[in-house]
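Following: one structure in structure tokens, then a few remarks.
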Amino acid sequence: MLKLARGSMLVLLPHSLAPLGVGALRHASATAAQYAPLRRDPSLFAASSVSGWLDERFSQLLTAVRRGEEAPFLIEEVASEVYTFPLLRAEACGALAAEVDHFGASGLEARRPNSMNNYGLVLNDIGLRPALTELQSLVQPVLQALFPTEGAQLDDHHSFVVSYRPEEDKGLDMHTDDSDVTLNVCLGDDFEASGLTFCGNVGAPDHRQLSTTYQHTPGRAVVHLGRRRHGADDIQRGRRINLIMWNYNRPYRNSAEYRARAQFYAREAAPPAPECTSFTHDRDYAQVRGDADPQVRLKAAKFASRAWCPPPSLEYEGFRGGAGRYRAIDPLHRDLMD
């Protein structure tokens, strides 16, 4: 999300859902064409193969949802508006992970999946968009049942994999997604201590309060709204690879409801939970965490001038923190300007 200050209101502007620029489209098309004859499992790229990826229990869940029936034994609400259910068969998880590794060994250039992950791959770029669009269409009825507004219609997606190892990306700082509904399914491998910590929705009084920590299981999906603050805990051993689909609903993004929500930011009701602070985004990270890890302190210092949360005049009582990006634009903090 792009964030601008306007008085005491934070305006959250989503990235454009317009088609990729000509250069990016050409790169994706060229990469997919170059990789086509090198594919490890060509059948994986066909939309018709996707029904065979599905865990039998997800098929049962989908049938129940289409009939308007409840299926509490197949879906679990691990926290408010955070749900998990079985999605992919073990064989499908292994095939997708193996295809990602196979592409990595091809020597072809890959785009980073987002601004925060250094190790990963945009799956749409290597020719998997048709298959993943079919997966999105199969999951959509479930997402609509869970998120009636945001999941009512899904008409685009940004799908990618991320990889975590102790010697590479160990985890991911607290953040929100540029999506309306996010689907995250673990593909494996063998790993320890690599949970996903959830806090509140951006702009809500409990934005930085702890909700739960979800433990990944291969083949099992966790779904949540894109505006939910979350972060990947550091992995201790092994490797974890996840398929992530940022789902978009254009009619919702064009609605008055979306615009009103995007412009709302409430004062935090209390100091944040340490687990929910972000060294990338939060002006009070150092004061709340006092992190002893020199690498984390270095990262926090790198982002200190760009930190935005909480917005000026909306700080919780007793706030102590830097001026961040408001140093030069917020009249309430003129004493902190350079």
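The values are calculated or read from the model by the stated rules, or taken from the named source; none is laboratory data. In this text, all values refer to a predicted model and were calculated from it rather than measured experimentally. Note that we place each Cβ from the backbone using ideal geometry, even for glycine, and neighbour counts take in every protein chain shown. Surface accessibility is based on the protein's heavy atoms, side chains included, excluding ligands, DNA and RNA. Shrake-Rupley method; radii C 1.70, N 1.55, O 1.52, S 1.80 Å.
Numbers for the structure displayed
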item	result
Selected residue [surrounded by 13 or more Cβ atoms within 10 Å (Cβ to Cβ), more than 30 Å from ALA260 (Cα to Cα) and at pLDDT below 95] from ALA5, ALA71	ALA71
Cβ-Cβ under 9 Å pairs, at least 6 apart or on other chains, the range 306-321 side closer than 12 Å to GLY203 by Cα and touching a residue at least 24 places away in the same chain (Cβ under 8 Å), far side among the polar types (S, T, N, Q) and open to solvent by 50 Å² or more (accessible area, probe 1.4 Å)	PRO311/SER8; LEU314/SER8
Complete set of residues in the range 233-257 that are over 15 Å from LEU187 (Cα atoms), open to solvent by less than 30 Å² (accessible area, probe 1.4 Å) and not in a loop (DSSP other than H, G, I, E, B)	ASN247, TYR248, TYR252, ARG253
Residue selected from the range 166-205 under the condition more than 28 Å from TRP308 (Cβ to Cβ) and of a type in the set (A, V, I, L, M, F, W, C), by the criterion surrounded by the fewest Cβ atoms within 10 Å (Cβ to Cβ)	ALA193
Residues located in the range 55-80, provided they are among the small types (Gly, Ala, Ser) and assigned to a loop (DSSP other than H, G, I, E, B)	GLY68, ALA71, SER80
Cβ-Cβ under 8 Å pairs, at least 6 apart or on other chains, the range 87-112 side polar (S, T, N, Q), far side at pLDDT 95 or above	SER106/TYR35; SER106/LEU38
Residue satisfying condition, being outside any loop (DSSP other than H, G, I, E, B), over 14 Å from the mean Cα position of the chain (by Cα) and of a type in the set (A, V, I, L, M), within set LEU154, LEU196, LEU138	LEU138
Some residue of the range 142-165 being closer than 19 Å to GLY238 by Cα and open to solvent by 20 Å² or more (accessible area, probe 1.4 Å)	yes
Residue in the range 80-89 that is modelled with pLDDT of 90 or more, over 22 Å from TRP246 (Cβ atoms), surrounded by fewer than 17 Cβ atoms within 10 Å (Cβ to Cβ) and not basic (Lys, Arg) present	no
Residue list for the range 163-193, filter: assigned to a strand (DSSP E or B) and out of contact with any helix residue (DSSP H, G or I) (no Cβ under 7 Å at 6 or more places or on another chain)	SER163, TYR164, LEU172, ASP173, HIS175, THR182, ASN184, VAL185, CYS186, PHE191, GLU192
Complete set of residues in the range 269-287 that are crowded, with 19+ Cβ neighbours inside 10 Å and out of contact with any Lys or Arg (no Cβ under 7 Å at 6 or more places or on another chain)	SER278, THR280, HIS281, ASP282, ARG283, TYR285, ALA286
Top-ranked residue of the range 221-240 - restricted to ones that are basic (Lys, Arg) and over 16 Å from the mean Cα position of the chain (by Cα), ranked as farthest from THR149 (Cα to Cα)	ARG237
Where TYR83 falls short, out of the listed (1) assigned to a helix (DSSP H, G or I); (2) in contact (Cβ under 8 Å) with a residue 12 or more places away in the chain	(1)
Residues of the range 207-223 that turn out to be surrounded by 19 or more Cβ atoms within 10 Å (Cβ to Cβ) and either of a type in the set (A, V, I, L, M, F, W, C) or in a loop (DSSP other than H, G, I, E, B) (or both), as a count	9
Residue check for ALA204: in contact with a Pro (Cβ under 7 Å, 6 or more places away or on another chain), in a loop (DSSP other than H, G, I, E, B) and in contact (Cβ under 8 Å) with a residue 12 or more places away in the chain	no
